[in-house]
Amino acid sequence: MGEVLIAGTAALLICIFLSPRFIAFLQQREFGQFIREEGPAKHHVKAGTPTMGGIIIVFSISIPFLILSEYDWRSVGVFGALVGCALLGFTDDYIKIVRRRSLGLSARMKLGVTILISIGLWWIATEQAGLPQTLRLRFVDYQIDLSFLAGVPFLVMIYIVVAGTTSAVNLTDGLDGLAAGCAAIVALAYIGITFITTGQHDLAILSACVVGACVGFLWFNAFPATIFMGDTGSLALGGAIAGLAIMTKTEILLILLGGIFVVEALSVMIQVFSFQTFRKRPLLMAPIHHHFELLGWSETKIILRFWIIAAICSAIGFTLYQYSIAA
């Protein structure tokens, strides 16, 4: 337990002490956020706020993990997914800054890189970590075999988890501190799952590093934010959470553990489907946190209430995981 606490504390301190210099570096080079024209009008004042804060998050996670880890294949797979998604997000952020517009990499390029990351996770999970190619339904204690057709269905499932989680975290990153706080809560649940319940030491260390880095980043990202994580951070955190779900066989349970991310993603899907089918928008704006903004809720109120919901979802998910293990 000591190393888990040390890892989390180290990640937090690294992020807190290095962030001011990193923010100054970004300001000097005018690496600022571009705000979408179709977003809430009051967000336009945030234009120019330093972005790509995900770099400091990934750095803060990496240093203590690389020092304290025993390089178990499961943790290597999760760390690889984190770094791979971070590089994808960094490229996207950099293109936005260079071209000075809110659009980065093409959808086709993002799809291709996400598939490669998924293939890497699949290879490590099956060939190195020896995980069964199954989808476990913990609510009913049943497993679906996905090893047929040379494991292609299992690979498809991994892709869905990675693509879905990274997209959901990215959509949640629309208010100051919202994504970082929710990611810290989910990662905290995974500390319990990997250390307290299953004794997976390296995964617990990596989860603790994610919690520490996110909390440290919140010191500067909380409203009003002095730095944004950008796609570098949101995709990295999404990749880490997806990897943890795959390596702990909690792919289905992730729907509950990361409940707030699921709600954010579903709100966009429902908004798009409703408008294309019925020409009606059920929400004032999607993702759903913007809907509450336009209803007049303060940004702080939305963030705190979403954190509470995220904590409730993660607590219920962790409890169900423990119950399934005990049963």
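Derivation of every value follows stated rules applied to the coordinates shown; laboratory data play no part. Predicted model only: the values in this text are computed from it and were never measured. Note that we place each Cβ from the backbone using ideal geometry, even for glycine, and neighbour counts take in every protein chain shown.
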#### Entry: Length gained when the stretch VAL272-VAL98 is fully extended (0.36 nm per residue, less Cα-Cα span)
59.7 nm
### Task
Work out, step by step, the length gained on full extension between ASP145 and LEU295: first 0.36 nm times the residue separation, then minus their alpha carbon distance; give nm to one decimal.
49.4 nm
### Message
7 Å from Cα along Cα→Cβ at both ARG29 and TRP123: what's the point-to-point distance in nm?
### Response
3.0 nm
### Query
P(r) tail for the chain, what percent of Cα pairs lie past 33 Å?
22 percent
## Note on the structure
Taking Lys and Arg as +1 and Asp and Glu as -1, residues besides MET52 with C-beta under 9 Å from its C-beta add up to -2
### Task
Mind ranking 151-161, 182-192 by how tightly packed they are, going by the mean number of other C-beta atoms within 10 angstrom, highest first?
182-192, 151-161
### Query
Which of the trypsin sites (Lys or Arg not before Pro) found in the stretch 243-327 are loop residues per DSSP with 14 or fewer other Cβ atoms within 10 Å of their Cβ?
ARG279, LYS280
### Query
Taking the alpha-carbon centroid of each part, what is the distance from the stretch 255-327 to the stretch 137-158 in angstrom?
26 Å
### Contact order normalised by residue count of the chain, Cα under 8 Å, 6+ apart, percent
27 percent
### Query
To the nearest 20 debye, what is the magnitude of the charge dipole of the stretch 2-252 about its Cα centre, counting +1 on the Cβ of each Lys and Arg and -1 on the Cβ of each Asp and Glu?
680 debye
### Query
Is the stretch 62-132 rounded, prolate or oblate when judged by the Cα gyration tensor, a ≥ b ≥ c being the square roots of its eigenvalues, rounded requiring a/c under 1.5 and prolate requiring a/b larger than b/c?
oblate
### Query
Quick one: if you stick a label point 7 Å off each Cα along the C-beta vector at ARG281 and THR319, how many nm between them?
3.7 nm
